[in-house]
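In what follows, a single structure is set out as structure tokens and then discussed.
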2 protein chains.
Amino acid sequence: MAKHRGKTVGKKGKVVLASGTFDLLHLGHVKYLEEAKKAGGRGATLFVIVARDRTVEKRKGEKPVMPEEHRRALVESLKVVDEAVLGYEDFDIGSVIEKIKPDVIAVGHDQKGIEEQVCKGVAQKKLPVQVVRISKFGKDELNSSLKIKRKITQLYKR
Amino acid sequence: MAKHRGKTVGKKGKVVLASGTFDLLHLGHVKYLEEAKKAGGRGATLFVIVARDRTVEKRKGEKPVMPEEHRRALVESLKVVDEAVLGYEDFDIGSVIEKIKPDVIAVGHDQKGIEEQVCKGVAQKKLPVQVVRISKFGKDELNSSLKIKRKITQLYKR
């Protein structure tokens, strides 16, 4: 039985790493996490890094609606997730990979920047990590935090 | 091993019934569901009825932000939930109890109307059901769909 961050994980199962902001949790998030775990095959463990408020603010100019600890706890309360932790303020993918030692890194359809960073980090350090891109779930539905915010603003603006 | 709606449930565990709209899923919802399941003791099964869009519209004058099937699937993706189904358009608590046969019905802090209906139905039909009220989680945090909607409207209004 393998040990991962002090916890016993699945028999010889792969460790999959997923990440995101997960503001206003929706089905698109769950589908991304489910596909991520599937990419690790049978017995995989899904480890999720949830972006900190300050990291999101730096990147997008505004903090998420839900505070970071709420977002992390909500993600960890999902069946598909084994462990969710808050990210690192000075995000360095090389250090993250060395610390978590994932077999697979799953990047979402809207994480092109992260995908490039991950691929570069993996190549530079010659790490045995498979990078998998998860495609988008659905088309016109409320499967994006931005679309949900827009709908609410339209419904309740005065 | 007991059978419940065709599924095998916990050994001699109680069946707990919880309900709600669960629009914009947040930690307050998860805490309510966790407390509800705890009320059933060891090995309990948590069965959740998610309100239909039309039922919410009739009661509150407007549909939820997230469509009913999204809300149901998201609730069912939580670790604490064993099964989540959409509600019945013509809500009759007596029929619901006879169908699901819960040992415990957990009502949320904001479900006074439902609590009265449940207690009346249980008393009238002399059903062996325990009604438990779950207290509110936290105070000023974003643990209500209304507060989340207000925050978004304030952040994004033009």
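The values are calculated or read from the model by the stated rules, or taken from the named source; none is laboratory data. Small disclaimer: the values here were computed from a predicted structure and weren't measured. Cβ sites come from the backbone with ideal geometry, for glycine too, and all protein chains shown count toward neighbours. Just the protein is used for accessible areas: all its heavy atoms, side chains included, with ligands, DNA and RNA removed. Shrake-Rupley method; radii C 1.70, N 1.55, O 1.52, S 1.80 Å.
Just a few scattered comments:
- For B:Thr21, the accessible area of its heavy atoms, probed at 1.4 Å with every protein chain present, is near 30 square angstrom.
- Amide hydrogen neighbours beyond the local backbone of B:Thr45, cut-off 5 Å, H modeled: B:Lys14, B:Val15, B:Val16
- Label-point separation in nm, A:Leu146 to B:Lys12, each point 7 Å along Cα→Cβ: 5.6
- FRET efficiency estimate (nearest 0.05) - Cβ-Cβ, B:Lys125 to B:Gln154, R0 51 angstrom: 0.65
- For the stretch B:96-122 and the stretch A:114-132, distance of Cα centres in Å: 52
- Rounded to the nearest 20, the size of the Cβ-charge dipole of chain B about its Cα centre is 300 debye, with Lys and Arg at +1 and Asp and Glu at -1.
- Considering only B:Leu146, B:Leu46, B:Leu25, the mean-square fluctuation computed in a Gaussian network model of chain B, springs between alpha carbons under 10 angstrom, is largest for B:Leu146.
- Measuring between alpha carbons in the structure, the pairs from B:Lys125/B:Lys147; B:Lys14/B:Lys125; A:Lys38/A:Lys149 lying more than 26 angstrom apart are B:Lys125/B:Lys147; A:Lys38/A:Lys149.
- With all protein chains kept in place, the per residue accessible area of the stretch A:45-110 amounts to 43 square angstrom at a probe of 1.4 angstrom.
- Counting heavy atoms of the protein chains alone, A:Asp103 has an accessible area of about 60 Å² for a 1.4 Å probe.
- Accessible area buried between chains A and B, both sides summed, probe 1.4 Å, in Å² to nearest 100: 2600
- The protein assembly as shown, accessible surface, carbon-and-sulfur percent (1.4 angstrom probe): 50
- Average Cα contact separation per residue, chain B, under 8 Å, 6 or more apart, as relative contact order %: 26
- Helical mean residue ellipticity (222 nm; -39500 (n - 2.57) per DSSP H run of 4+; nearest 500) of the protein assembly as shown: -12000 deg cm²/dmol
- Residues of type aspartates and glutamates that B:Lys136 reaches as a straight line, Cα spacing below 19 Å, ignoring anything fewer than 8 places off in the same chain: A:Glu69, B:Asp23, B:Glu34, B:Glu35, B:Asp110, B:Glu115, B:Glu116
- Rounded to the nearest 10 Å², the accessible area of B:Glu115 at probe 1.4 Å: 40
- Qualifying trypsin sites (Lys or Arg not before Pro) in the stretch A:20-121, where qualification requires a DSSP coil assignment and no more than 10 other C-beta atoms within 10 Å, comprise A:Arg42.
- Paramagnetic label zone (point 7 Å from Cα along Cα-to-C-beta, A:Lys136; backbone N under 13 Å) in the stretch A:27-50: A:28
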